[in-house]
Amino acid sequence: MERRDDLARVHVSGITFDFEYGELWRGIHRRNPLSFKKPYSWIVYKDRDVYMAEDWRGRIRFEDDDASEVIQSALNSLTPNRTWKERVVLVGEFILTRSIDLPDYVILDLRMAKLVMGSGVNEEIITAWNKDYIEIIGGVLVGNGEDLDEQFGIRLGACRHVLIRDVEITNCRKPAIAIGGVDEAGNFVRNAVDIRIVRVYIHDQVNMSGADGIYAIMQDSIIDSPRIVNVAGDSCIAISGNPKLNENYISKNVVIANLYAYNTGALYLANNGENIEIIAPRIVNAVDRAIRTDYTTLGTAGVSGVRIIGGKIISPGDDGVEIRYASGWKIYGLKIINAGGYGIDAFGDYHEFYMIEAEGCSRGICIDWGSHTKVIGGYFKNNEYGIAVLGNASDVRILYPYFEGNTTHFYDAGTNTIIKCKDGYVTENSGVATFSGDGSTTEFKIEHGLAKAPSKYVVSPLTPDADAPRTITVDDTYIIITFSTAPPSGTDNLKFGWWAEV
């Protein structure tokens, strides 16, 4: 309800003047422009049982027993058609009867506020559609905890240039924060761009599927230092896309830095994202997988070009990282401890894993399907298998791994796998082999000492009798030289220089 108390009457020398309060204020303000300056356009608070909205000149302009009505009235009364941000400050606890709908160019300052969604209200706590230059700063947002389809914390559709900082959100049925490019009817409008989510604390969501921490389809954006605890929905964070609505409606150029997640669903990457960077995550007691992609059809694009840099995953219920049918992932220096499944389970092509540490997992790294994956360095301790390459994998290269206390250091059923520089697993060897001909023997064997049959080898004759027509074959133990005609008898008359590599 709007107040109409801005009229004033003054008596001077027997003459009466009627005027609006604003006229008097403007006259004083012109003489002393800072006399009434406030660091906000509106401040909303509760006085006894009534919520009030006070403008920056100190006037109570709206009051009602409905908190949502007063807050929305203040937001709707900001300067029309502005190109600068105006601040609305909330102080105290507010029981909401409907969503707070944000306009363009606004700072909603909740640092001294708590917003609680009233019982039975099937709406978002804060929302905005197709708006720009929004900031939501501080505060606590509490859902009503009921099984309601629209029970989001913050839901922004087709918004750009957004900052959400230092907000605590709990007890919602849907994601605590949802960012996308659609309107209220689910139609694609435009991609969400330049979204910054900084130091949010999301915890104790409703214990059912869909009660995620953050669900976002966005571009050129960052999620920095989120804390997500006891969120038993599908994901602590889901970075997704929906190219069926629009071919460009995917997440790309997104950074997730310094995530701390405890007892949550996975960090989930889905539906054709591009250039996603995950920096120093710490994920503890993930309900299932800690980081995973969607389960797309074999051979489809998936989420490609993902980089994980550093971080630690401790005691996930299943895999530490599961990459399904995506290509070009690079993981650097990630440590995975006591995974219920594999440390890393990789499907797809051209992945690169550098200096991975896996301890106490079923398999430290499993190359499950795809080609041209590299594992460079790494420390694999007390796993059932340190590294396993399965039958659907090909052209895998493993260099400089270190194994300690694993039941099986290395298992290979792939095609054209090369492992080099592993202690106790010889991958390259060379030497000089000397034999004496007897005039009847045509086959001579060189024991190569490699872990398995070499994929590359060279055999060169060093004596005249050795330089005769011959064929070379290999198996897991020998390089086999077979002459067309038996060499002549002689002592040490057959010498060969040889080199071989698995």
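No other residue among N429, N392, N406 is part of a loop (DSSP other than H, G, I, E, B) and either open to solvent by less than 40 Å² (accessible area, probe 1.4 Å) or at pLDDT below 95 (or both) apart from N406. Whenever a residue of the range 237-258 is more than 17 Å from I195 (Cα to Cα), its partners that are among the aromatic types (F, W, Y) and open to solvent by 50 Å² or more (accessible area, probe 1.4 Å), lying with C-beta atoms within less than 8 angstrom and at least six residues away or across chains, give the pairs N242/F188; L245/F188; N246/F188.
Only one entry of G370, G348, G341 meets the criterion of being of a type outside the set (A, V, I, L, M), open to solvent by less than 50 Å² (accessible area, probe 1.4 Å) and more than 22 Å from the chain's Cα centre (by Cα), and that entry is G370. State which residue is nearest to E274 (Cα to Cα) when the search covers only the range 194-218 and only residues that are in a strand (DSSP E or B) and either open to solvent by less than 30 Å² (accessible area, probe 1.4 Å) or touching a residue at least 60 places away in the same chain (Cβ under 8 Å) (or both). By that ranking, first place goes to M218.
Quick one: would you say R4 is farther than 24 Å from Y133 by Cα, at pLDDT below 95 and open to solvent by 30 Å² or more (accessible area, probe 1.4 Å)? Yes. With respect to the conditions (1) within 18 Å of T477 (Cα to Cα); (2) free of Cβ contacts under 8 Å to residues at least 40 places away in the same chain; (3) outside any loop (DSSP other than H, G, I, E, B), G386 falls short on a single one, namely (1).
Can you find, within the range 409-426, the residue that is farthest from the chain's Cα centre (by Cα) among those that are closer than 20 Å to E359 by Cβ and open to solvent by 50 Å² or more (accessible area, probe 1.4 Å)? In this case the residue turns out to be G424.
Considering only the range 49-61, I want to know if a residue exists there that is surrounded by 15 or more Cβ atoms within 10 Å (Cβ to Cβ), modelled with pLDDT of 95 or more and in a loop (DSSP other than H, G, I, E, B). No, there is no match, as no residue in the range 49-61 is surrounded by 15 or more Cβ atoms within 10 Å (Cβ to Cβ), modelled with pLDDT of 95 or more and in a loop (DSSP other than H, G, I, E, B). Scanning the range 102-121 for residues that are of a type in the set (V, I, T) and open to solvent by less than 10 Å² (accessible area, probe 1.4 Å) yields one hit, V106. Cβ-Cβ distances below 8 Å connect the following pairs, each with a first residue in the range 306-319 that is open to solvent by 30 Å² or more (accessible area, probe 1.4 Å), a second residue that is among the aromatic types (F, W, Y), and a separation of six or more residues or different chains: R307/W329; R307/Y332; I309/Y332. Could you say whether any residue in the range 167-174 is surrounded by fewer than 24 Cβ atoms within 10 Å (Cβ to Cβ), out of contact with any helix residue (DSSP H, G or I) (no Cβ under 6 Å at 6 or more places or on another chain), under 19 Å from Q205 (Cα atoms) and modelled with pLDDT of 95 or more? Checked the range 167-174: at least one residue is surrounded by fewer than 24 Cβ atoms within 10 Å (Cβ to Cβ), out of contact with any helix residue (DSSP H, G or I) (no Cβ under 6 Å at 6 or more places or on another chain), under 19 Å from Q205 (Cα atoms) and modelled with pLDDT of 95 or more. Number of residues in the range 446-471 that are open to solvent by 40 Å² or more (accessible area, probe 1.4 Å) and in contact with a Ser or Thr (Cβ under 8 Å, 6 or more places away or on another chain) equals 5.
The values are calculated or read from the model by the stated rules, or taken from the named source; none is laboratory data. Please read these numbers as outputs of a predicted model, since none were measured by experiment. Reconstructed Cβ throughout: ideal geometry from the backbone, glycine too, with neighbour counts over all protein chains shown. Accessible surface areas use protein heavy atoms only, side chains included; no ligands, DNA or RNA. Shrake-Rupley method; radii C 1.70, N 1.55, O 1.52, S 1.80 Å.
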